[in-house]
Amino acid sequence: MGALLLWALTRPFDADGRMLHLYSCFWAQLYFYVNPLWHLRVEGRERLPWKGAAVLVANHESLADILVLFGLYRPFKWVSKAENFKLPLIGWNMRLNRYVPLIRGDRESIIQMMAGCERWLSRGIPILMFPEGTRSKDGEVKAFKDGAFTLSIQQRCPIIPIVLTGTARTIPKHGLVIQQAVHARVRVLEPIDPAGFNGDVHALRDHVRDVIVREKARMEAER
């Protein structure tokens, strides 16, 4: 109800839904604010833009990554699997925010997703994607898909890598049990300019994955 009220009040002067998204960030972060056993540390938030196109990409360990990444508190539009938009309350909020749905493996849906992302980027709104496509079963970073990097090159906007740790055992893939204690950590890395890759989507993709893998190993060694 709070999201619906805010949407109605801000729609006339906030056509891109920035305020509603920030409200959703707060809503998701309540899990951390009210649970003394759940901890989140965000580093490098200042590298994220308040305005201007960017493609944010993060590794994907757990369903809890969604709650964690809302802690970035910056405007962006999620790319999320279409079934999430059907969930009561959460799905309704996603629709109000006009996040971008995707049916994995469906060519027409992928085309529509890319078009939706292009529209938001052209309006100066970042989008956030999990380039692995789905959660990792073992916490290891899987191969990346091309979509995020194609968007970055075509729209001439930076890729901003984001590294997550500490969420893999929270709600693991195919798991339903939420662990009592969570010590999640997010690190936003320096933006990467796609211009240096001369339109080579695969080279940009592989470079960003290598950056995330190295930084994830470094963060885990720091524990």
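The values are calculated or read from the model by the stated rules, or taken from the named source; none is laboratory data. If you're wondering where the values come from, they're calculated on a predicted model, not measured in any experiment. Every residue, glycine among them, receives a Cβ derived from its backbone with ideal geometry; neighbour counts consider all protein chains shown. The area values use the complete protein model at the heavy-atom level, side chains included, leaving out ligands, DNA and RNA. Shrake-Rupley method; radii C 1.70, N 1.55, O 1.52, S 1.80 Å.
Residue by residue, the range 139-150 carries 3J(HN,Hα) couplings of x, 6, 6, 7, 4, 8, 8, 7, x, 4, 7, 5 Hz when phi is fed to the Karplus relation 6.51 cos²θ - 1.76 cosθ + 1.60 (θ = phi - 60°); x denotes Gly or Pro. What does the C-alpha gyration tensor say about the overall shape of the range 47-89? Classify as rounded when a/c is under 1.5, otherwise prolate if a/b is larger than b/c, or oblate. Prolate shape, in that a/c is at least 1.5 and a/b is the bigger ratio. About the centre of its Cα atoms, the range 1-69 shows a dipole size close to 160 debye [charges on the beta carbon of Lys, Arg (+1) and Asp, Glu (-1) only; nearest 20 debye]. In the chain, helical runs assigned H by DSSP with n ≥ 4 each contribute -39500 (n - 2.57); averaged across all residues and rounded to the nearest 500, the mean residue ellipticity at 222 nm is -12000 deg cm²/dmol. Distances between every pair of Cα atoms in the range 42-156, grouped in 5 Å steps from 0 to the bin holding the largest one, split as 2, 11, 21, 25, 23, 14, 4, 0 percent. Bridge orientation summary for the range 56-202: considering DSSP beta bridges with both residues in this region, about 35 percent are antiparallel. For the range 91-223, what class follows from the C-alpha gyration tensor (a ≥ b ≥ c being the square roots of its eigenvalues): rounded when a/c is under 1.5, otherwise prolate if a/b is larger than b/c, else oblate? Here the range 91-223 falls in the oblate category.
Accessible surface computed residue by residue for the chain, with neighbouring protein chains in place and a 1.4 Å probe, gives 52 Å² per residue. For the pair the range 106-125 and the range 1-39, the centres of their Cα atoms are 23 angstrom apart. Within a straight-line Cα-Cα reach of under 17 Å, LYS81 can be paired with the following lysines, leaving aside sequence neighbours fewer than 8 residues apart in one chain: LYS145, LYS173.
A Cβ-based charge dipole, computed about the Cα centre of the range 58-113 with Lys and Arg at +1 and Asp and Glu at -1, lands at about 220 debye.
The charge dipole of the range 82-223, taken about its Cα centre with unit charges on the Cβ of Lys, Arg, Asp and Glu (plus for the first two, minus for the last two), comes to roughly 460 debye.
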